[in-house]
Structure formats: structure tokens, C-alpha cells
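The values are calculated or read from the model by the stated rules, or taken from the named source; none is laboratory data. Model, not experiment: these values are computed from the prediction. Virtual Cβ from ideal backbone geometry, glycine too; neighbours counted across all protein chains shown. Ligands, DNA and RNA are excluded from the accessible area calculation, which covers all protein heavy atoms including side chains. Shrake-Rupley method; radii C 1.70, N 1.55, O 1.52, S 1.80 Å.
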Amino acid sequence: MSTPANTASAKVTPAKVGGEDTIRRGPPVEVVRYGPGKRINHWITAISLILLLISGLAMFHPSLFFLTELFGGGQTTRWIHPWIGVVLFFSFFILFAQLWKLNLPNRDDVQWASQIGDVVAGNEEKLPELGKYNAGQKFIFWGMASLIIVLIVTGIMAWEQYFGQLTSIPTQRIALLVHSLAAVAIILIFMLHVYAAIWTRGTISAMTRGTVTGGWAWRHHRKWFKDMAGRGRIDPAE
Amino acid sequence: MANTMDSPRTAVSNPPVQPMETNLTQRDLIRRSATSELPQPERQLTPVAKLIDVSKCIGCKACQSACVEWNDTNPVIGENVGYYTNPHDLTADMFTLMRFTEWVNPETDNLEWLIRKDGCMHCADPGCLKACPAPGAIVQYSNGIVDFVHDNCIGCGYCVKGCPFNIPRISKADHRAYKCTLCSDRVAVGQGPACAKACPTQAIVFGTKEDMKKHAEGRIADLKSRGYANAGLYDPPGVGGTHVMYVLHHNDKPQIYADLPVDPKISAVVQTWKGATKYAGLAVMGLAAAGTILHGLFGNANRVSKHEEEEAQEAVDHAEKRVEDA
Ligand code: HEM
Ligand code: SF4
Ligand code: SF4
Ligand code: SF4
């Protein structure tokens with residue numbers, strides 16, 4: 001493949017082999033959706049979130065207190081939960097810095113959301129062509145981002161061991177109430193996120209191997225696919 | 001002498017010397033933190049109470065020392081910052097604290113030196129127990145004593161947030177919650193609390209709650225006859241009454257005694273957090289989990305068709321051709 005000179009986009013990036021947002025010629029055609037750095041970080045975020053929801057729920061309701069056994073008892077669960085929260089905060093912060101621009105809402109999102117019935121029915125041919133993220137993914141992104149901020153702030157206020165004196169007791173009561181409500185909300189969003197990734201077959205590989213099939217990109221994120229193709233971000237066959 | 005009484009009636013008399021079995025057992029619990037199904041106790045112990053007559057206290061702190069002695073705690077040696085309250089706050093090693101207030105009575109223009117013995121009030125409706133997430137870390141006996149069971153405590157500090165009196169403290173050494181036990185280990189074997197036993201003026205008395213209320217009546221009548229028109233008993237109904245009560249010479253203004261709450265009750269925020277939030281939260285999370293699993297099993301997945309794979313292939317072929325042509 002020669003250097004593309006006359007493509008639609010003025011700034012042509014020579015495709016880096018295996019790099020993110022490149023099409024692998026195949027056959028079959030594959031698209032690199034996430035590089036290894038993002039995938040590793042995503043799994044740090046995901047594992048932290050799962051550990052946080054288990055350890056948090058153990059303290060949330062007596063019927064779930066048995067979950068403390070997974071962490072080696074109540075005392076360990078109590079001290080480890082906030083520290084995992086700190087890990088989650090930083091790993092998500094990196095993810096946020098990398099992805100926020102692509103998650104800014106645009107006009108297609110309004111159209112997409114207004115046709116949510118077609119989304120759920122899987123009538124994707126009726127929906128607008130989309131860039132790398134659809135409105136549902138953007139909702140999950142911003143929902144997670146804002147709830148993690150709420151959780152870290154209220155979590156620190158409730159962190160007896162180091163911050164017991166930071167705020168007044170009436171404030172700490174509100175912090176714990178908000179923390180538990182935000183936890184329920186983020187768990188719901190987390191379920192939606194995992195469910196969407198499973199329901200939309202072919203998505204999980206984006207976070208395991210980093211790639212999706214060409215058809216997946218064509219079906220769900222055609223604008224993104226066409227943009228890569230148009231800019232010549234195509235690797236020759238492996 | 002066989003002890004047939006279920007609770008001691010006074011702190012003054014000397015205790016029986018023969019070995020005794022504890023009278024406060026697991027079967028005497030009426031509440032246990034984070035435990036929904038607690039078997040009803042077969043017997044009802046006589047409710048006990050400690051009565052602190054603020055007007056009789058001379059501020060000697062014998063009670064504080066007795067508490068440290070009996071509970072074998074080691075409060076750090078304090079620093080004098082110009083007033084008598086020492087240490088400056090309750091700690092995980094100081095379960096009771098004499099709080100000193102200099103108050104000018106606006107009616108008489110007299111300086112009154114108010115001394116209140118602070119510590120756990122042993123609420124009938126304890127906010128600490130309501131907030132606690134760890135099964136059995138806080139228990140309430142049918143005689144009214146609210147006790148912390150340190151082996152079950154996880155150190156989260158929820159009890160601190162639940163308590164309307166700002167009493168529990170979490171130890172930095174072992175990360176467990178501490179507060180006055182009402183000397184449950186003494187009461188269980190027929191003795192009154194150490195502080196009541198040590199008090200030289202009998203400002204602290206101990207007995208059945210009924211007796212203590214009667215005793216308070218006499219004290220209040222005496223105070224009224226000496227010009228304290230608003231003398232009264234502090235047994236706040238907002239927390240269902242308490243098993244530590246005060247006789248206050250100014251019962252109309254409890255707040256002048258180092259911020260004793262006027263109408264303590266479990267905060268509405270705590271009630272919402274430990275009530276509606278839990279039920280609604282579990283319900284929506286459960287429904288969402290069930291919904292996604294059911295839809296996952298029985299709904300149609302969103303699959304990429306063969307045709308779409310071919311279209312992608314064509315698009316790439318086309319794009320490459322264009323690039324090569326250029
Ligand atoms: C982001 C940083 C976070 C921090 C600093 C934090 C901190 C805390 C703290 C200090 C507590 C009190 C118990 C303890 O001391 O361990 C707590 C409770 C809890 N946390 Fe977090 N947390 C964070 C994130 C999360 C997340 C992401 C979730 C949910 C997935 C979560 C769910 C919970 C739940 C359910 C409780 C129990 C609340 C209750 O008892 O009602 N937390 N958290
Ligand atoms: S610190 Fe201990 S006693 Fe207090 S609420 Fe937590 S587990 Fe219960
Ligand atoms: S005063 Fe506080 S610590 Fe004592 S029983 Fe009442 S709520 Fe619990
Ligand atoms: S021992 Fe009695 S008189 Fe002395 S400080 Fe305590 S309550 Fe007051």
C-alpha cells in the first residue's frame with residue numbers, strides 16, 4: 001500500500017501496524033478498536049468495580065454480609081473497599097482522559113435515542129450511521145464518570161480511619177446516604193454495560209483481543225469504519 | 001445468700017463474693033445489629049438505669065477514674081488548655097467524660113458552673129445499633145443495656161453516624177468501636193456500675209429504671225423548692241427514653257450543658273439510608289439482574305449478519321482501490 005495522497009481527509013496518518021483505529025485487511029476484515037494499554041486499564045477498572053460492588057454490598061445489607069468472607073472477614077472488607085475505590089478512581093481517570101472527546105454528544109445521538117425502539121429491536125439499518133460510540137455507550141461513559149466522582153467524594157467523607165474528622169457527623173450521614181444511592185445507580189449502569197456488551201454479539205473481543213470483525217464495525221459504527229477506510233488506515237494482510 | 005434478683009438494685013451495697021454466673025446471656029437480647037430474625041427472649045429482665053444528678057456533682061472525676069480502672073483502658077495523659085474538661089473529648093479509651101461549662105444565668109446574672117457526665121445514654125431506640133452493618137456487633141439486652149461486641153465489629157464507624165449523642169469512638173489501635181457499657185459485665189453479676197460506686201456525693205445512682213425515676217422526682221422537688229423552677233428529668237422520648245438519665249436544674253435548656261441535645265432522635269437521613277434506600281436499592285438491583293438474565297436467555301441477540309461482513313469487505317476493497325489509484 002502506497003502512501004495515500006488524495007483521500008477525503010487532509011491529515012493522513014500512516015497506519016501503524018496493529019495500531020488502534022486501523023482496519024486489518026484480512027480476509028476476514030478486522031478492526032483494531034483498542035490498543036493493549038487501554039485494554040489493560042479497562043480491566044483494572046472493571047476488576048476494581050466488581051470488587052467494590054461486592055465489598056460495598058456486603059456492608060449495604062445484612063443479607064449480603066456473608067460476602068465479607070470473600071475478602072477474609074469484615075475488618076478486611078472495611079479497610080480494603082476504600083483503597084480499591086482509589087485504584088478505580090485513578091484508572092477510570094486515565095480512561096476518561098483518553099475517551100472523553102469521542103464521547104461528546106452530537107446530533108446523531110439525538111436521532112439514535114429517539115429511535116430507541118429500533119435499537120432494542122435490533123433494526124440497525126433504520127438508525128443513523130454512527131461514529132466510534134453510540135448514545136447508549138456515551139450515556140454509560142458519562143454516567144460512570146459522574147457517579148465515580150460522587151462515590152470518591154462521599155466515600156472519602158465516610159472513610160472513618162483517615163477522614164473521620166474531616167467533616168461533621170451530620171455531613172457524613174448525608175455522604176453515606178448519597179454513597180449508597182450512587183452505588184445502586186452505578187451498579188445498574190454496570191449491569192447495562194455488561195448486558196449491552198453481551199447482547200451485541202461480537203463486542204467482547206474488543207476488550208479481550210482488542211479487535212472486532214469488519215461486519216461488527218460496519219453494522220454498529222459505520223461512520224467510524226468508513227472514516228478509517230477513507231483515511232487509508234488499512235493494514236495489509238497479516 | 002442466693003441471688004434471686006435479675007438485676008442489681010443499687011450500686012452502693014457491696015457485691016456478693018461467691019462466684020456467679022452471668023445474668024446477661026444471648027437469650028436476653030431484644031435487638032442485635034444487622035439481624036432481622038432474633039428469637040424473642042423467654043424472660044424480661046427488670047429495666048435498669050443510671051441517674052446522674054447534675055446538681056449534686058462536684059466535678060471530682062472519681063467516676064472517670066473508676067471507669068478507666070474497671071475497663072482497664074489507657075487514655076493518654078492530657079494537656080491542660082485552660083479548662084477542666086480532660087481529656088478534651090471522649091475517646092476509644094475514655095468512655096465517660098466530665099464536661100465543664102461556665103454559664104451566666106441571664107435571669108440572675110450569676111455564673112453557674114455546669115458539670116455534665118457525658119457518655120452513652122443507652123437509648124431504648126439506639127441509633128448506633130440501627131446503623132451498624134455487622135451482625136451482632138451491637139446488642140441490646142432486655143434490661144436496656146446497649147453493648148458493643150468487639151469481636152463482631154468491622155470498624156466502619158457507622159455507629160458514630162447513627163448515634164444522636166456523638167458517643168462511639170473507633171480505636172486507632174484495633175479498629176473497633178468503644179463506648180460506655182453501663183458496666184454490663186458488673187451488672188450481669190449483681191454489681192452496679194463502677195462510676196456510680198465511686199461517686200462520693202451519690203450524684204450518680206443506679207437501680208431499676210422505675211426506682212430511678214422515683215428518686216429523680218424527689219430530687220426535682222427539692223431543686224424546685226430551692227428556686228430552680230425548671231428542674232426536671234432528662235429521659236428523652238425521641239429515642240424511646242434512655243437508661244442513663246439526668247436530673248438537670250435547667251431542664252428547659254439541655255443545650256447549656258455542653259450541647260446536650262434538646263430533642264434527640266435518630267436522624268431522618270440515617271432512617272432513609274438504613275430504611276427506604278436498602279429496600280428500594282435491593283429491589284431495583286434484583287429486578288435489573290433478573291431482567292437482564294431473562295432477556296439474555298430468551299431474547300434475540302443482536303448479531304452481525306454474513307451480509308454485513310461482506311459489505312465491510314467490499315468497503316475495504318473499494319477504499320484500497322481508491323488509495324492505490326491515487
Ligand atoms: C470511588 C471510591 C470509593 C471510595 C473512596 C469508597 C469508600 C467507601 C467507604 C469509606 C465506605 C464505608 C465502609 C468502609 O469504611 O469501607 C463505603 C461503603 C460502600 N460503598 Fe464505597 N467507595 C468507593 C466506591 C464505591 C463504588 C464504585 C461502589 C459500587 C460499585 C461502592 C459501593 C459501596 C456500598 C454499597 C457501600 C455500603 C453503603 C451502605 O452501607 O449503605 N463504593 N464506600
Ligand atoms: S464500627 Fe463496629 S459497632 Fe460501629 S457500626 Fe461499624 S461494625 Fe458496628
Ligand atoms: S447514646 Fe449513642 S451509642 Fe449510646 S445507645 Fe444511644 S445511640 Fe447508641
Ligand atoms: S464521681 Fe460523682 S461527683 Fe465526682 S465527677 Fe463523677 S459524678 Fe461528679
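General remarks:
- A:LEU127 being among the aliphatic types (A, V, I, L, M), away from chain B (no Cβ under 14 Å) and farther than 30 Å from B:CYS156 by Cα: no
- Of the listed requirements (1) open to solvent by less than 20 Å² (accessible area, probe 1.4 Å); (2) within 14 Å of chain A (Cβ to nearest Cβ); (3) touching a residue at least 60 places away in the same chain (Cβ under 8 Å), B:ALA188 misses just one: (2).
- Test result for B:THR201, within 14 Å of another protein chain (Cβ to nearest Cβ) and in contact with a helix residue (DSSP H, G or I) (Cβ under 9 Å, 6 or more places away or on another chain): no
- Residue within segment A:209-223 that is surrounded by fewer than 17 Cβ atoms within 10 Å (Cβ to Cβ), without any contact (Cβ under 8 Å) to a residue 12 or more places away in the chain and more than 12 Å from chain B (Cβ to nearest Cβ) present: yes
- From A:LYS126, A:LYS138, residue being closer than 30 Å to B:GLN313 by Cβ, at pLDDT 95 or above and either out of contact with any strand residue (DSSP E or B) (no Cβ under 8 Å at 6 or more places or on another chain) or not assigned by TED's automatic domain parsing to the domain that holds A:VAL86 (or both): A:LYS138
- Of all residues in segment B:191-201 being open to solvent by less than 30 Å² (accessible area, probe 1.4 Å) and assigned to a loop (DSSP other than H, G, I, E, B), the one that is farthest from ligand 3 (Cβ to nearest atom): B:CYS199
- Options B:ILE220, B:ILE170; residue that is under 30 Å from A:PHE163 (Cβ atoms) and in contact (Cβ under 8 Å) with a residue 24 or more places away in the chain: B:ILE170
- Just one residue in the set B:ALA34, B:ALA66, B:ALA11, B:ALA49 is surrounded by 12 or more Cβ atoms within 10 Å (Cβ to Cβ), in a loop (DSSP other than H, G, I, E, B) and modelled with pLDDT of 95 or more; that residue is B:ALA34.
- Scanning segment B:256-278 for residues that are within 18 Å of A:SER168 (Cα to Cα), more than 10 Å from chain A (Cβ to nearest Cβ) and surrounded by fewer than 16 Cβ atoms within 10 Å (Cβ to Cβ) yields a total of 1.
- Enumeration of residues in segment B:93-123 that are open to solvent by 20 Å² or more (accessible area, probe 1.4 Å) and either basic (Lys, Arg) or more than 16 Å from ligand 4 (Cβ to nearest atom) (or both): B:ASP93, B:ARG99, B:GLU102, B:TRP103, B:VAL104, B:PRO106, B:GLU107, B:THR108, B:ASP109, B:ASN110, B:LEU111
- Residues in segment B:74-92 that are touching a residue at least 12 places away in the same chain (Cβ under 8 Å) and among the hydrophobic types (A, V, I, L, M, F, W, C) were compared, and the one that is surrounded by the fewest Cβ atoms within 10 Å (Cβ to Cβ) is B:VAL76.
- Qualifying residue in segment B:113-131 (condition: under 24 Å from B:ARG186 (Cβ atoms) and within 16 Å of ligand 1 (Cβ to nearest atom)): yes
- Segment B:56-92, residues that are under 21 Å from the mean Cα position of the chain (by Cα), closer than 13 Å to B:CYS195 by Cα and more than 12 Å from ligand 4 (Cβ to nearest atom): B:VAL68, B:TRP70, B:ASN71
- Some residue of segment A:162-181 being surrounded by fewer than 22 Cβ atoms within 10 Å (Cβ to Cβ), in contact (Cβ under 8 Å) with a residue 40 or more places away in the chain, within 25 Å of A:LEU88 (Cα to Cα) and more than 7 Å from every other protein chain (Cβ to nearest Cβ): no
- Residue satisfying all of: in segment B:162-178; touching an Asp or Glu at 6+ places or on another chain (Cβ under 9 Å) and facing another protein chain (nearest Cβ under 10 Å); nearest to ligand 3 (Cβ to nearest atom) among these: B:ASN166
- Failed item, numbered, when A:MET191 is tested on (1) within 8 Å of chain B (Cβ to nearest Cβ); (2) crowded, with 18+ Cβ neighbours inside 10 Å; (3) closer than 20 Å to A:MET144 by Cβ; (4) at pLDDT 95 or above: (2)
- The listed residue being part of a helix (DSSP H, G or I), on the phi < 0 side of the Ramachandran plot, away from chain A (no Cβ under 11 Å) and not acidic (Asp, Glu), out of B:GLY296, B:GLY281, B:GLY238, B:GLY291: B:GLY238
- B:ASN166 being part of a loop (DSSP other than H, G, I, E, B), crowded, with 19+ Cβ neighbours inside 10 Å and either within 10 Å of the chain's Cα centre (by Cα) or away from ligand 4 (no atom under 15 Å from the Cβ) (or both): no
- Search result, residues across segment B:124-146 that are open to solvent by less than 20 Å² (accessible area, probe 1.4 Å), more than 10 Å from ligand 2 (Cβ to nearest atom) and either at the interface with chain A (Cβ under 10 Å from one of its Cβ atoms) or not hydrophobic (A, V, I, L, M, F, W, C) (or both): B:PRO126, B:GLY127, B:GLN140, B:SER142, B:ASN143, B:GLY144
- Failed criterion for A:ALA185 (all others in (1) small (Gly, Ala, Ser); (2) farther than 26 Å from B:PHE298 by Cβ; (3) open to solvent by less than 20 Å² (accessible area, probe 1.4 Å) hold): (3)
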